[in-house]
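Student: Let me give you the structure first, and then I'll get to my questions.
The values are calculated or read from the model by the stated rules, or taken from the named source; none is laboratory data. Quick caveat: nothing in here was measured; it's all calculated off a predicted structure. Cβ coordinates were reconstructed from backbone atoms using ideal geometry, including for glycine residues, and neighbour counts include every protein chain displayed. Please note that ligands, DNA and RNA were not included when accessible areas were found on the heavy atoms of the full protein model with its side chains. Shrake-Rupley method; radii C 1.70, N 1.55, O 1.52, S 1.80 Å.
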Amino acid sequence: MGQLNSGITLFLSLLVEAMPFLLMGVAFSSILLFFVDERKLIAVLPRNPILAALAGSLVGFLFPVCECGNVPVARRLLMQGAPTAVAIGFLLAAPTVNPIVFWATWVAFRDQPEIVFLRLIFTLLIATTIAAIFSSQKDMRPFLQQNLARLMADPADSPAQAASDDGSMLLQSGTFLLQAPGKTLQLSAPAGQTLAMAGSMPKPFGDRLRLMVDNMILELRELGAVLIIGSAIAAFVQVAIPRELVLSLGQGPVTSILAMMILAWVVSICSTVDSFFALSFASTFTSGSLLAFLVFGPMIDLKNISLLLTVFKGRAILYLFVLAGQMVFALSLLMNLYWT
Amino acid sequence: MAVSSRSISRRKGSIPWSMVVDLLILGLWGAMLVRFWVTGQMALLLHPDYQWLAHLTAILLLGLAALRGRQIWQQVSQFSRLPPVITADSHISLLPRQISTSLLLAVAVFGLIYTPRPFTSDTALQRGITDTLTMTRSQPQRFTLNTNPEERTIIDWVRTLNVYPEPDAYAGKKADVAGFVIYPPGWSENYLMISRFVLTCCAADAYPVGLPVRLAEGQPRPRQDTWLQVQGQMTTDTLDGKRQLVIDASQVEEIPEPRNPYEY
């Protein structure tokens, strides 16, 4: 009975501590989705692959979205002509490298500041490297889902031009709606793409506000449910699995990292709240493995594979997964062996 | 995928049930947080530094619920007809809507009924009680030793021991601490551990600390998990094959469980 009570207290405490950060993340991502003009952003980003990769990784500071909100944003960035390096860097780093996640991690791990800072550094390092590797592929379209690839400009065109000029849309077949001078909206495209392309369409403030609130509630409902499942798993592992087993797994420099990476992949908890989840393992697992959890989870997990499949083909996701997994493992193993 | 599955009825005056469910979710979650807030049970779940975040969340959730309520009212009373809501493709479903909705509703209702209980000896034994703050645990940034020994709490004693671990240094000092009783396996009859859980963030990282207590001959053994005020003198004893600081109890008094059982 005592164990059950403890489990429930643990479960409720995770929810109550995580909910404010989830609400904050959802609110920011909704506000920025409707009030930031991505085209203007793309126009000022650097074109050099390495710099673009780094810039893309840092864009999270403008779009504090967690790993459920970042895929659609990355998708729109690609559609609007952002360099591949920017989109991939953003995709991998934005869920972690942003002020809300930094604050949440600080709240959870203020006693171990190295975890807070290394989480940022490792994520930036891995995201920039993978983005730079992917940018060596000149034409990304074979890696992308067909409906998205069709919408993208040919890389032979200047990407900057593709970003600023929608005129090329006129050469495609389909139904179009004339908007502002020189701008068209393709009505025959799937609704999502139409809306995404219409990102800069002026809307009355009241409508935007309503869209924002609706989007917030929608995300809150979905991410809240995932948070509940994640917290239940964390509470269950804490009280139901024998301590000797957890300790024997959690104290090995290699096994602890593997265990936490698998856990991160399965639990799929949102990056704004995953530090509280990790915190419940802080006394039994090595610091390196906690970092592996915090860095790897937001990049690739069970939940966002379905999201990634709306942008990439399976092969590209596999590359992302393998590259990210290897680098996270290597870096956190270094930390386990040489830091503590 | 882009057009929200939310089926807002376009007929005037009909009740938009999916919005009512949203209202219920937001309202019940807000109410659950308000309940923990006003009953003081929030202290069992969160470190005091972060309780304001949960309080603010309660207010914001209730505010969102009110917004939803207003939209429903507008629709039902035909003051205005809302166009169908479309969200940009910022959203791709992760879980079927029914599942996420039921989970959120179920947890909110549960949270409104269930009274959280503080952790007990089971959890302490599961997590491993220490009289040292190991490398994975908090390192105090500031430490002052000018408190009187009898004013030190269990965590103060443990921090003191961390700074200077030689138990003999404290022999003869007075101790007066409050905590709950644990009987660690393998200890002889007249020993117990007086313990507290320490929080740095929330109950998820609560870790137990404790000091061994030696009961006087013939003193009745308090039940496990009872809360005690223990007064006595510090002495050194060998437990678990290790020389340790032990409270030689002169007075043991049962006390009610404190409203806030944690130390920080």
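Student: Just to be sure I understand the model, the point goes 7 Å from the Cα along the line to the Cβ. What's the resulting B:His55 to A:Phe117 distance in nm?
Tutor: 3.3
Student: Continuing with the same structure: Sequence gap at least 6, Cα distance under 8 Å: using those rules, report the relative contact order of segment A:1-104 to the nearest whole percent.
Tutor: On the way: 109 pairs, mean separation 32.3, N = 104.
Rounded, it is 31 percent for segment A:1-104.
Student: Sticking with this one: Sorted by accessible area with a 1.4 angstrom probe, largest first, how do B:Arg117, B:Arg127 fall? Mind dumping the intermediate values first?
Tutor: Numbers: B:Arg117 100, B:Arg127 30 Å².
Largest accessible area first, the list is B:Arg117, B:Arg127.
Student: For peptide A:209-218, compute the average count of partner chain beta-carbon atoms within 10 Å of each residue's beta-carbon.
Tutor: Per residue, the number of nearby Cβ atoms from other chains is 6 on average.
Student: Just to verify a number: what accessible area does A:Ile262 come out at with the full protein assembly present, 1.4 Å probe, Å² rounded to tens?
Tutor: 110
Student: While we're here: In the full protein assembly as shown, how much of A:Met79 is accessible to a 1.4 Å probe, in Å² to the nearest 10?
Tutor: Spelled out: A:Met79, probe radius 1.4 Å, area about 10 Å².
Student: Could you calculate the FRET efficiency of A:Asp139 with A:Thr255 from 1/(1 + (r/R0)^6), where r is the beta carbon distance between them and R0 is 30 Å, rounded to 0.05?
Tutor: 0.15
Student: Continuing with this model, one more query. Would you mind calculating the relative contact order of segment A:256-340 from Cα pairs under 8 angstrom and at least 6 residues apart, reporting the percent as a whole number?
Tutor: Once divided by the residue count of segment A:256-340, the mean separation gives 40 percent.
Student: Using a ≥ b ≥ c from the Cα gyration tensor of segment B:167-207 (square roots of the eigenvalues), is it rounded, prolate or oblate, where a/c under 1.5 gives rounded and otherwise the larger of a/b and b/c decides, a/b for prolate? Walk me through the intermediate numbers first.
Tutor: Working: a/c = 2.46, a/b = 1.38, b/c = 1.78.
Here segment B:167-207 falls in the oblate category.
Student: Could you calculate the FRET efficiency of B:Val20 with A:Leu209 from 1/(1 + (r/R0)^6), where r is the beta carbon distance between them and R0 is 22 Å, rounded to 0.05? Could the numbers behind the result be given before it?
Tutor: Details: r = 21 Å, r/R0 = 0.96.
Working from the Cβ atoms, E equals 0.55.
Student: Take peptide B:51-61, look around each residue's Cβ out to 10 angstrom, count Cβ atoms belonging to other protein chains, and average those counts.
Tutor: So the per-residue partner count for this stretch is 4.
Student: To the nearest 10 Å², what's B:Asp176's accessible area with a 1.4 Å probe?
Tutor: So the heavy atoms of B:Asp176 present about 50 Å² to solvent.
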